[in-house]
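Below is one structure, written out as structure tokens, with a few remarks after it.
The values are calculated or read from the model by the stated rules, or taken from the named source; none is laboratory data. For clarity, every value in this text was computed on a predicted model and none was experimentally measured. Glycine also receives a Cβ, built like all others from the backbone with ideal geometry; neighbour counts cover every protein chain displayed.
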Amino acid sequence: MFYFDTIAGKKVVRSDLLSKDEAEHFFTTRELCLYSKTEDMTPNQKIVENYLGKVLATNKPVHGIHIEKIVSHKNFYEETDGLLIEKVGAAFMNFGDCVPLIFYCDKVAMISHAGWRGTAQSMAKVSVKKLVDAYGFKPKDIKAVIGPAICKNCYNVGEEVYEELYKTVANPREFFEKRDEKFFVDLKGINKQQLIECGIEQIDVCPYCTACGEKLFFSYRYENQTGYRHSAVVML
């Protein structure tokens with residue numbers, strides 16, 4: 001279940017699936033924006049780094065499925081959509097309406113970025129396979145947190161995108177809807193289903209939409225391609 005917390009008086013959301021003893025994690029809101037298209041580093045990034053006591057690594061996403069392991073003294077990773085942390089480290093990844101995925105198992109954590117292109121390439125399954133192959137984890141022991149992203153009611157796509165996403169899960173019907181000749185897609189639901197098909201049993205899905213409702217987060221699609229983002233943060 002997701003709940004609200006604050007860092008330096010600014011609102012964030014967390015999942016109770018992960019304890020702070022396992023992995024410090026949270027998703028920022030508008031109040032604690034870590035990314036602006038016009039700034040190399042926002043003042044809030046320094047606030048978060050002071051809170052964590054670590055310098056944050058981050059990435060430049062390309063809507064693919066490449067995953068990089070964070071290493072000492074390297075804080076920026078080009079052309080990657082997954083950041084893996086082993087034993088020690090901290091990272092953040094930025095999102096407009098795409099799906100943030102945080103994984104944890106036995107002192108290993110990962111953030112993955114799954115927009116429609118990443119979801120069509122099964123980024124959730126690729127991330128689980130990485131953890132299983134590299135560390136021998138059993139899927140049932142891996143915890144997966146799906147962060148705030150655009151909801152089914154807000155996410156309408158073209159027929160080509162619909163067809164690409166439809167192929168990614170075994171029983172896709174519940175994640176798609178056609179209304180007035182428009183296709184609507186449940187990206188969070190598809191990613192959850194991909195995780196279930198991998199054998200993941202411990203999954204928490206954020207109920208908040210980036211595009212509607214409380215307007216807690218930034219929406220690239222519904223805010224004129226805003227240059228601001230909300231972020232997924234994790235630290236071991």
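Residue count for region 194-218 satisfying the condition of being without any contact (Cβ under 8 Å) to a residue 24 or more places away in the chain and within 20 Å of Pro172 (Cβ to Cβ): 1. In region 1-29, the residue that is farthest from the chain's Cα centre (by Cα) out of those that are closer than 21 Å to Ser219 by Cβ and either at pLDDT below 95 or of a type in the set (A, V, I, L, M, F, W, C) (or both) is Phe4. What about Gly115, is it modelled with pLDDT under 95 and under 19 Å from Tyr35 (Cα atoms)? Criteria not met by Gly115.
If you go through region 62-73 and pick out every residue that is under 24 Å from Asn44 (Cβ atoms) and modelled with pLDDT under 95, you end up with 1. Give just the number: which of (1) of a type in the set (Val, Ile, Thr); (2) over 17 Å from Thr210 (Cα atoms); (3) within 14 Å of the chain's Cα centre (by Cα) does Thr38 not satisfy? Only one criterion is unmet by Thr38, namely (3). Considering (1) surrounded by fewer than 16 Cβ atoms within 10 Å (Cβ to Cβ); (2) under 20 Å from Phe217 (Cβ atoms), the lone condition that Val55 does not fulfil carries the number (2). Taken over region 5-52, the criterion of being out of contact with any Leu (no Cβ under 9 Å at 6 or more places or on another chain), hydrophobic (A, V, I, L, M, F, W, C) and surrounded by fewer than 21 Cβ atoms within 10 Å (Cβ to Cβ) is satisfied by Leu17, Leu52. Applying a threshold of 9 Å to beta carbon distances and a minimum spacing of six or more residues, or different chains, the list of pairs starting in region 4-33 at a residue that is of a type in the set (Gly, Ala, Ser) and ending at one that is part of a helix (DSSP H, G or I) reads Ala8/Leu32; Ala8/Asn44; Ala8/Ile47; Ala8/Val48; Ala8/Asn50; Ala8/Tyr51; Gly9/Glu31. For first residues located in region 129-154 and touching a residue at least 60 places away in the same chain (Cβ under 8 Å), partners that are surrounded by fewer than 23 Cβ atoms within 10 Å (Cβ to Cβ) and aromatic (Phe, Trp, Tyr) and lie 6+ apart or on another chain with Cβ distances below 6 Å form the pairs Pro148/Tyr208. Considering (1) crowded, with 19+ Cβ neighbours inside 10 Å; (2) of a type in the set (Phe, Trp, Tyr); (3) in a loop (DSSP other than H, G, I, E, B), the lone condition that Tyr222 does not fulfil carries the number (1). Applying the criterion of at least 2 residues that are β-branched (Val, Ile, Thr) to the strands (runs of 3 or more DSSP E) found wholly in region 1-106 leaves 2-7, 10-15, 99-105. For region 82-95, give me the residue count where each residue is more than 19 Å from Gly53 (Cβ to Cβ) and either under 10 Å from the mean Cα position of the chain (by Cα) or free of Cβ contacts under 8 Å to residues at least 40 places away in the same chain (or both). Selection size over region 82-95: 4. None of Cys98, Cys154 is within 10 Å of the chain's Cα centre (by Cα) and either at pLDDT below 95 or over 27 Å from Asn50 (Cβ atoms) (or both) except Cys98.
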